[in-house]
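The values are calculated or read from the model by the stated rules, or taken from the named source; none is laboratory data. Bear in mind that the values here come from a model prediction, so they are computed numbers and not experimental data. Quick reminder, even Gly has a Cβ in these numbers, built from the backbone with ideal geometry, and neighbours come from all protein chains shown. Areas reflect the complete protein model, heavy atoms only, side chains present, ligands, DNA and RNA absent. Shrake-Rupley method; radii C 1.70, N 1.55, O 1.52, S 1.80 Å.
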Amino acid sequence: MHKQVSQMGLVLILLLLTLTTLAQDNPPTPSITIHEQVISANSLTIDEVRSDDFGFVVIHAQNAEGNIGAVIGLALIHAGVNQNIIVDLDMINVTPTLYARLHYDTEPYGDFQFGQIDDADMPMTLNDEPVGAEFDVIAISTHDQFVDPDNFNRIVVDIAASQNDAWLVA
């Protein structure tokens, strides 16, 4: 009886080791999860990124033709699951629709060089399509300033971006 229990224990240990090895051999499918949001403090939050390798999540503005445009922010990601990623943005170029894309990080590591050096930091793809997401934002950015009652209590808003017409009330 004792020998039979020992053999079952050994089989369970081997099964656990096999499952652990299989899990390590199957990296996550690259994906981005992000919700529509109000941009505050010149940054946005990406809910989750799953990546099969180290890389970047890159935020692009929308160009005048309604397509993916210039890079306005990026953050490093690690292989596996990354959650609540804060991406600082170049607020002057924020548009109401933004695009998030995943890119691999190639040497020199930590330096985003896609489009500057051949084959550097190439986009991650799934079924021959770049891994990414399109999402809408509302952005309001202003700088520190004195509100002058002699000037009708006006303030200067540096950036305002929204999908719809709206009033800005301070």
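I'd like to know if region 119-142 contains one or more residues that are surrounded by fewer than 10 Cβ atoms within 10 Å (Cβ to Cβ), at negative phi and not in a strand (DSSP E or B).
no
Quick one: how many residues across region 32-44 are open to solvent by 40 Å² or more (accessible area, probe 1.4 Å) and polar (S, T, N, Q)?
From region 32-44, those open to solvent by 40 Å² or more (accessible area, probe 1.4 Å) are 33, 35-36, 38, 40-42; that's our starting set.
Keeping just the survivors that are polar (S, T, N, Q) gives 33, 40, 42.
Number satisfying all stated conditions: 3.
If you scan region 153-170, which residues turn out to be in a strand (DSSP E or B) and either open to solvent by less than 70 Å² (accessible area, probe 1.4 Å) or farther than 16 Å from Q62 by Cα (or both)?
Within region 153-170, V157, D158, I159, A161 meet the criteria.
Starting from region 28-41, take each residue that is touching a residue at least 40 places away in the same chain (Cβ under 8 Å) and list its partners that are among the aromatic types (F, W, Y), counting only C-beta distances under 6 angstrom and pairs at least six apart or across chains.
I34/F135; E36/F135
Yes/no per residue for (1) buried (at least 17 other Cβ atoms within 10 Å of the Cβ); (2) touching a residue at least 24 places away in the same chain (Cβ under 8 Å):
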position: S51; (1), (2): yes, yes
position: F56; (1), (2): yes, yes
position: Q62; (1), (2): yes, yes
position: E65; (1), (2): no, no
position: A70; (1), (2): no, no
position: V81; (1), (2): no, yes
position: I86; (1), (2): no, yes
position: D90; (1), (2): no, no
position: L98; (1), (2): yes, yes
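Quick check, is Y104 within 25 Å of T45 (Cβ to Cβ), open to solvent by 80 Å² or more (accessible area, probe 1.4 Å), of a type in the set (F, W, Y) and modelled with pLDDT of 80 or more? Reasoning before the result, please.
Details: within 25 Å of T45 (Cβ to Cβ): yes; open to solvent by 80 Å² or more (accessible area, probe 1.4 Å): no; of a type in the set (F, W, Y): yes; modelled with pLDDT of 80 or more: yes.
Considered against the rule, which asks whether it is within 25 Å of T45 (Cβ to Cβ), open to solvent by 80 Å² or more (accessible area, probe 1.4 Å), of a type in the set (F, W, Y) and modelled with pLDDT of 80 or more, Y104 comes out as no.
Out of curiosity, is D150 at pLDDT 95 or above, acidic (D, E) and either within 16 Å of S51 (Cα to Cα) or not in a loop (DSSP other than H, G, I, E, B) (or both)?
Answer is no for this residue.
Any idea which of (1) touching a residue at least 24 places away in the same chain (Cβ under 8 Å); (2) open to solvent by less than 70 Å² (accessible area, probe 1.4 Å); (3) more than 21 Å from the chain's Cα centre (by Cα) is the one Q145 doesn't satisfy?
(1)
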